[in-house]
1. What number of residues in segment B:95-134 are away from every other protein chain (no Cβ under 13 Å) and open to solvent by 30 Å² or more (accessible area, probe 1.4 Å)?
2. Could you please find all residues in segment A:200-236 being polar (S, T, N, Q), closer than 30 Å to B:PHE103 by Cα and more than 13 Å from chain B (Cβ to nearest Cβ)?
3. Could you say whether any residue in segment A:131-154 is surrounded by fewer than 19 Cβ atoms within 10 Å (Cβ to Cβ) and under 30 Å from B:ASN101 (Cβ atoms)?
4. What about B:ASP175, is it in contact with an Asp or Glu (Cβ under 9 Å, 6 or more places away or on another chain), within 12 Å of chain A (Cβ to nearest Cβ) and under 27 Å from A:SER199 (Cβ atoms)?
5. What single numbered condition from (1) of a type outside the set (Lys, Arg); (2) touching a Leu at 6+ places or on another chain (Cβ under 7 Å); (3) open to solvent by less than 70 Å² (accessible area, probe 1.4 Å) fails to hold for A:ILE96?
6. Pick from B:THR202, B:THR246, B:THR207: which is under 16 Å from B:VAL36 (Cα atoms), among the polar types (S, T, N, Q), surrounded by 15 or more Cβ atoms within 10 Å (Cβ to Cβ) and touching a Leu at 6+ places or on another chain (Cβ under 7 Å)?
7. Out of B:VAL221, B:VAL186, B:VAL159, report the one residue that is aliphatic (A, V, I, L, M), open to solvent by less than 60 Å² (accessible area, probe 1.4 Å) and touching a strand residue (DSSP E or B) at 6+ places or on another chain (Cβ under 9 Å).
8. When residues of segment A:271-288 are filtered for being in contact (Cβ under 8 Å) with a residue 40 or more places away in the chain, within 14 Å of chain B (Cβ to nearest Cβ) and farther than 13 Å from A:ILE214 by Cα, how many remain?
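The values are calculated or read from the model by the stated rules, or taken from the named source; none is laboratory data. Nothing here was measured: the structure is a model prediction, and the numbers come from that model. Positions of Cβ are backbone-derived with ideal geometry, glycine not excepted, and every protein chain shown enters the neighbour counts. Side chains included, ligands, DNA and RNA excluded: accessible areas come from the protein's heavy atoms. Shrake-Rupley method; radii C 1.70, N 1.55, O 1.52, S 1.80 Å.
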Amino acid sequence: MATTVQDAPAAGLELDVRNAAHRKHPWRWLSALVVLVFAAQLVKMLITNDNFGWDVVWSWLRAESIVRGLGITLMLTVVAMVIGVVLGVLLAVCRISANPLLRGAAGLYIWFFRGTPTLVQLIFFYNLSALLPKLNLGIPFGPVFASVDTNTLITPLLAAILGLGLNEGAYMAEIVRGGLLSVDPGQREAGQALGMKNSRIMKRIILPQAMRFIVPPTGNQVISMVKATALVSVIALSDLLYTAQSIYNRTFETIPMLIVVCLWYLAVTSVLYVVQSFIERHYNRGARHQAPSFWDFLRIRPKGSAA
Amino acid sequence: MSTAVLQARGVRKSFGHTEVLSGIDLDVTPGETVVVLGPSGSGKSTFLRCINLLESLDAGRITVDGRDVGYDVRNGRLHELSPNEIARRRKDIGMVFQQFNLFPHMTALENIIEAPIAVLGEGRREATARAVDLLAEVGLAGREKAYPRQLSGGQQQRVAIARALAMRPKLMLFDEPTSALDPELVGEVLATMKRLASAGLTMVVVTHEISFAREAADRVVFMDAGQVVEQGTPEQVIDNPQHERTRAFLSRFL
């Protein structure tokens, strides 16, 4: 050993890092082995364990009732998210407005809907008739033009839409507000100095820049929403989960039916993941950091790293 | 008096308990280039921002082209205007910011044509043709498709100048336009501004560039502690200042 150290400087000049011996990584190989053993076990179980009932899974996967349940789930996701986004933008604008009453009201809304469980809100809307037997349309404290029985108006579907949408609005409000605040105030001033109206400044200058900060967490919210719609099974709305439950309550094929449900949720969220990556790229025009491409999650080595 | 593009009378402004402007009077006539000098915190940027109402006034009055930006005169009294009406009155006043404030998600061309289309109602083709000319005028021919991030600071500021010019302003405000630039990039922006000044654009320029004041200004205004201390030709104010405060300020640049 001692002689090598002394010889090194003398031999130094013709050495080249290109020919250097690479460091060994014994722990990497060991951990890879452990993972592989677990993976092999998992595959073996998936194949040999008859309780999965893959033939049952396959036969129900595209059954009409399941697909109809999936349709309800997707419809609920879309409608609730649309309500959530519109409400979120309105609430966010109120939260940063100059009017203290609007700020306070929006803050109270967000506090309430974020502070109580979505499940409780759903059941609450489902049972709204117990609180308000009739809903009236008219002048506040004045004459009533139209009146409707709450039980007729608030169907399970409407209760689900209200519960999920109003709840989502509170979360979206905070996401949108964060996005708006991330835009440099100089951008608004530049628009004002050019004589642009506030609505135009918001639409053409502030929002497009805020979108870079709004889209990624909104993608998260959409994916959460797809799964949160499963909560509506408690108010007997025949979404994907409720449909599967009513089938296995009859056939006792619990595990295969739950796998059918999981496969569909995974399929939907995967599609959403792709859509999100495209939207992010669109809003990154002119930005320093490019959004990660859809395929990045498959990359084992991070981009640009040497080894 | 009615020929003045800008008239300011007794303009006062406070932030909290600090009075930033303590009664500013200033007239600017058409085609004139007025350079406002003064130490940091003297209120010169605030005054500039009061002209197009990016800051509201606490007292006094500012008119541009004979009209208040934020008020209407009815029955001998000023009445506050709505935000949309204020926006309409701002379109005649161009502004160039210290930090450029270009829209980062738009190309140089899109930055320039946005307001002419949105505010002046110009057609896209007409606005684009003019934007191409303006970019050439500020020495950036061919950079239409560049995003602000791909341009140097000096180039960004020249795009910002072209963006303000696209509105055919009657008055241009420059708020320390070269203070955020690397020293070697200051010259190109000042050269562009000098060309505009000699072309007869009415300009109010807040800057620390004494050489620009000497070469391009018709009049130099020296401000300190929220007041106009003295004003006159560059020779009078820069070479032969009458007030001690002006002398003290200028001595730092020698």
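1. Total satisfying the criteria: 9.
2. Answer for segment A:200-236, where residues must be polar (S, T, N, Q), closer than 30 Å to B:PHE103 by Cα and more than 13 Å from chain B (Cβ to nearest Cβ): A:THR218, A:ASN220, A:GLN221.
3. no
4. Judged against the criteria, B:ASP175 is not a match.
5. All conditions pass for A:ILE96, except number (3).
6. Criteria check complete, one pass: B:THR202.
7. B:VAL221
8. Qualifying residue count, segment A:271-288: 1.
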